[in-house]
1. Under 8 Å between Cβ atoms, which residue pairs at least 6 apart in sequence (or on different chains) link something in the range 92-111 that is free of Cβ contacts under 8 Å to residues at least 24 places away in the same chain and among the charged types (D, E, K, R) with a partner that is surrounded by 15 or more Cβ atoms within 10 Å (Cβ to Cβ) and not in a strand (DSSP E or B)?
2. Being outside any helix (DSSP H, G or I) and polar (S, T, N, Q) is the filter here, so list the residues in the range 43-61 that pass it.
3. Can you pull out every residue in the range 31-61 that is touching a residue at least 24 places away in the same chain (Cβ under 8 Å) and over 13 Å from the mean Cα position of the chain (by Cα)?
4. Any residue at all in the range 71-84 that is in a loop (DSSP other than H, G, I, E, B) and either touching an Asp or Glu at 6+ places or on another chain (Cβ under 7 Å) or more than 20 Å from Arg13 (Cα to Cα) (or both)?
5. Quick one: Ala38 ticks every box in (1) part of a helix (DSSP H, G or I); (2) buried (at least 18 other Cβ atoms within 10 Å of the Cβ) except a single one, so which number is it?
6. Being surrounded by 15 or more Cβ atoms within 10 Å (Cβ to Cβ), assigned to a strand (DSSP E or B) and not β-branched (Val, Ile, Thr) is the filter; apply it to the range 85-107 and report the residue that is nearest to the chain's Cα centre (by Cα).
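Only the coordinates and a few stated rules stand behind these numbers; no lab work does. Owing to the predicted nature of the structure, the values given are computational and were not obtained by experimental measurement. Please note: Cβ atoms are built from the backbone with ideal geometry, for glycine as well, and neighbour counts cover all protein chains shown.
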Amino acid sequence: MSKPVGPYTPIMRAGDLLITSGQIGIADGALVEGGMAAQLSQALENLEQVLATAGATMADVVKTTVFLVDMADYAVMNDLYCAAFGDHRPARSAVAVAALPLGAQIEIEAQAYLG
């Protein structure tokens with residue numbers, strides 16, 4: 001799991017609910033190369049790792065928020081997102097933002113339920 005790039009906790013538990021901080025496409029302390037698709041693949045891998053630290057999987061995720069610097073990337077994001085979650089379809093919001101940490105093109109956060 002990558003070290004946080006700011007003063008926050010990667011995941012918090014509130015009863016049966018797990019809430020993750022936003023995950024960007026960072027590996028070994030730097031953004032991965034290859035654009036938004038590569039960054040999202042890494043961010044999803046980072047999300048899986050963060051969830052695993054609390055005993056959860058992607059199948060436990062009930063809600064995600066995806067932040068995109070460019071909404072033109074929505075279709076590619078959707079394809080990669082669907083591949084990562086398989087038939088599981090958590091509730092999701094996708095929003096455009098002006099900028100993300102470290103110049104990332106995408107960020108994803110999640111809430112998981114362990115009830």
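1. Cβ pairs passing all conditions: none.
2. Thr53, Thr57, listed by residue number.
3. Listed by number, the residues that qualify are Leu31, Gly35, Thr53, Ala54, Gly55, Ala56, Ala59, Asp60.
4. no
5. So the condition that Ala38 fails would be (2).
6. Checking each candidate, the answer is Glu107.
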